[in-house]
Each structure stands twice: as C-alpha cells, then as structure tokens.
1. Check whether at least one residue in the range 289-299 is among the aliphatic types (A, V, I, L, M) and either without any contact (Cβ under 8 Å) to a residue 60 or more places away in the chain or surrounded by fewer than 22 Cβ atoms within 10 Å (Cβ to Cβ) (or both), and report yes or no.
2. I'm trying to understand the selection: among the residues of the range 216-227, which are part of a strand (DSSP E or B) and either of a type outside the set (A, V, I, L, M, F, W, C) or within 13 Å of the chain's Cα centre (by Cα) (or both)?
3. Check every one of the strands (runs of 3 or more DSSP E) wholly within the range 277-351 and list those with 3 or more residues that are touching a helix residue (DSSP H, G or I) at 6+ places or on another chain (Cβ under 9 Å) and either within 25 Å of Tyr174 (Cα to Cα) or at pLDDT 95 or above (or both).
4. Here are Thr159, Thr165: which of them is without any contact (Cβ under 8 Å) to a residue 60 or more places away in the chain, surrounded by fewer than 20 Cβ atoms within 10 Å (Cβ to Cβ) and in a strand (DSSP E or B)?
5. Hey, Leu177 hits all of (1) in a strand (DSSP E or B); (2) over 23 Å from the mean Cα position of the chain (by Cα) but one; which does it fall short on?
6. Please determine, by comparing only the residues of the range 256-275 that are touching a Lys or Arg at 6+ places or on another chain (Cβ under 7 Å) and under 22 Å from Ala38 (Cβ atoms), which one is surrounded by the most Cβ atoms within 10 Å (Cβ to Cβ).
7. Residues to consider are Ser107, Ser69; find the one that is crowded, with 24+ Cβ neighbours inside 10 Å and among the polar types (S, T, N, Q).
8. Which count do you get for residues in the range 130-174 that are more than 18 Å from the chain's Cα centre (by Cα), under 22 Å from Gly218 (Cβ atoms) and of a type in the set (Val, Ile, Thr)?
Amino acid sequence: MHARLWLLLTAALFGMVASPLPTWGTRTVAFGGPMVVATIPVGHFPESLAVNPTTNRIYVANYQGDDVSVVDGNTNTVVATVPVGDGPEGVAVDPTTNLVYVSNYWSGSVSVIDGATNVVLTAVGVGQLPRGVAVNSATRRVYVSNSGSNNVSVINADTKTVLTTVTVGDGPLYIALNPETNRVYVPNDFTDDVSVIDGDTNTVVATVPVGWGPWGVGVNAARNRVYVSNVLDNNVSIIDGETNAVLTTISTGERPRQIAVNTYTNRVYVPNENSVDLAVIDGQTDTVVATVPVGNKPAGVAANPVTNRVYVSNYADETVSVIYDTGPAVGGIAELPDLAATSADDAAVSTGSSGWSGSSYAALGGGLASALIVVSSGAWYARRRWLRPRA
C-alpha cells in the first residue's frame, strides 16, 4: 500500500489532521470504514482461515489444493505453501506455541504445522469428515468437529493424541470456544441447533435451537455472546453464553458462512456467499452497520485484533480479501499530499460515515477495483449438503 494511504489511516485512527506537505500541495478527503485494502491470490478453493496475532501470519486452508497458504500480514503476500492432507477445511492457531491445526476432510485427520518452520510435525487421526477446529491455549486442548461421525474429537495439544470423543448433533460443521468459560460451541447443520460442550467434563450441557442450516460460529468472550450463521435462513442467531438462550436474530445476507469476532472492537464479521459481500455487525447494538463487497463466493473469515485487519477467503476466485476496520469510533477528515491525483489509492479513500456507500464503490479504480468485482458463478450446492467438486 502506498505511503499516502497509510498516512490517511493513521490520521483517521487518532482523529488528527495531518500537516500538509507544501512541496506537492494537499487535498482533503474523508475516511470511514471498513474498506478492502488488498486482495491476495492463494491456493485452490480456499476455505477456512486463521490468524496468529503474535506473528501476524494468516493461514489459509486450500480445499482442492491439499495445502495451506501462509500469508505475511505485513506485506500481504504468500510466503510459504505447506502440503497437508486430503481436503483441508478447518484451521486454528495456538499463538502461545505457534502451532497450526488443520482438519483434512477426506483424510480424517488433523495436520499439526510448526508456525516457525512451516513444516508438518504430525497428523492426528480423528473422526469422519472433520470440518471445524478450535484451540484453547489455556487448557492445551484442540477440538475438531467430525461432520461424518456426528461427534467432536478432543486432542491433547501436548501429546498430540485424542483424549476423548463427544457425541453432538447431526452434521456438525464449524466450531468455536470461549476460553473464559471453557465452553465449546458446535453448530449442527441437520438438526438446526448448537451443542454446548463443557470443556472441563467433555460433556454436552445444553442444546440450543437456532435457524435452518447452522454453519459458522464465533464467540465474543468479553461479552459472553455466541454468533451462529444460519446459511439457509440468511441470518445470524445471537446466543447468551450465560443462559444459552437466543437473544435475537439478525438478517445479514444470502448464505452467510463462517463467522469471526474482533473482541477488541466488538465487531462481528459474516461473509455472505451468494451476496458476495461481508456483513459487519456492531456487537453493542446487534445491527449490521456496514456491508463490504469482497471476492467471488466468500466462505471463511478471520480477524486480527492487533492490526484490525479482517481476512475473507473467496473460494471461486481463489483469493483472500483484506479489510481494514477499526470499529465505530474511527472516521474523520485528513489532508493528504497530492502525489498523483489519478491513483487508485486516491479513489479508494472516498467514504461514508459508518460504511462504504454505493457511490464510493463506484468510484474505486485501478488495483482496488479488481478486488470488488462481483462475478456470478454456477450452483455449488445441493439443498442441505454441500456437494463440493474435486479436481
């Protein structure tokens, strides 16, 4: 990204007005957010993502490539490609150990990658057709939802062996946990509910009915809120982690997929596969405050609370969209050096107050415009079960 755009973001973040540089002259622009700041080509059919905020590395599971793309968050470039098992789907990172866990759908295993060397250390056998992965750094436990055997494998992260298996509902998909309460949340696609597992006893302590076809799940540990995307209802259920009751349901877009939460900004991110965009939910008001166009067929999402970057995997065009979003407090006016009046970065900073307007997107040009093109594609799904093509 050009230096003038970084100057803009810094000025907006701190509510300051940058001093003009008299050599080039200045112009005044407004900044709001969120906005796409980069598009990164990755592997074949990228599915899930995970972020290590300590190293600023992003890990992208490429389902049809049978590998993981490692992205440097500082440069937005792929710095390594790690071969794993057959059909990698879910991915999770333990920032305390710098280990990356990747579920291999067809192999029935979890690959453990050393984040320092980008080498697979071992593969742990789990249940049938594993999908989601979540890590509790404090308890040294890794949870894997097995969609083919309707259970969750609990792995000891130290010994890299399966400790126990917990039976859940029919068709468990992705998975998330609250490290503060040691609760694990598993959406079950075919029973339209969420299994709540007590991490201390490895038992299901509650089953929460939600919408039709629950798919993704995210947790805000600071507020003890659980967000579940209902892919066939086009909405998100919000569960109170204390009472296990659904507080409200929010319409987001067509076919919402996975969910990420930035606890620092209290923002929730939901990629909508058929709407070809990212819904941004304000966790304080439980409303959609912005909708950001991304790549073709977005599916996975991850957020880095340190950099306030959000990463969305677009499986049909095999890219990752990088979104910058600092939350509702950011916005304002800044003066930028007028280095090149026709550059793409200049067009990209036109904005509205709480999110990008339609006219703002129409103004995007050059490099950023290519990240916002919406391309229609054929049907990838059957009615209740995803029939994913294999190369």
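1. To start, the set of residues in the range 289-299 that are among the aliphatic types (A, V, I, L, M) comprises 289-290, 292, 294, 299.
Subsequent filtering for residues that are either without any contact (Cβ under 8 Å) to a residue 60 or more places away in the chain or surrounded by fewer than 22 Cβ atoms within 10 Å (Cβ to Cβ) (or both) retains 289.
For the range 289-299, residues among the aliphatic types (A, V, I, L, M) and either without any contact (Cβ under 8 Å) to a residue 60 or more places away in the chain or surrounded by fewer than 22 Cβ atoms within 10 Å (Cβ to Cβ) (or both): present.
2. Hits for the range 216-227 are Gly216, Val217, Gly218, Val219, Asn220, Arg225, Tyr227.
3. Filter on the range 277-351 gives 319-324.
4. Numbers: Thr159 fails: in a strand (DSSP E or B).
Of the residues listed, the single one that is without any contact (Cβ under 8 Å) to a residue 60 or more places away in the chain, surrounded by fewer than 20 Cβ atoms within 10 Å (Cβ to Cβ) and in a strand (DSSP E or B) is Thr165.
5. The number of the failed condition is (2).
6. Out of the qualifying residues, it is Pro271.
7. Result: Ser69 is the single residue among Ser107, Ser69 that is crowded, with 24+ Cβ neighbours inside 10 Å and among the polar types (S, T, N, Q).
8. Final tally of qualifying residues: 7.
The values are calculated or read from the model by the stated rules, or taken from the named source; none is laboratory data. This structure is a prediction, so every number in the text was calculated from the model and none was measured. Every residue, glycine among them, receives a Cβ derived from its backbone with ideal geometry; neighbour counts consider all protein chains shown.
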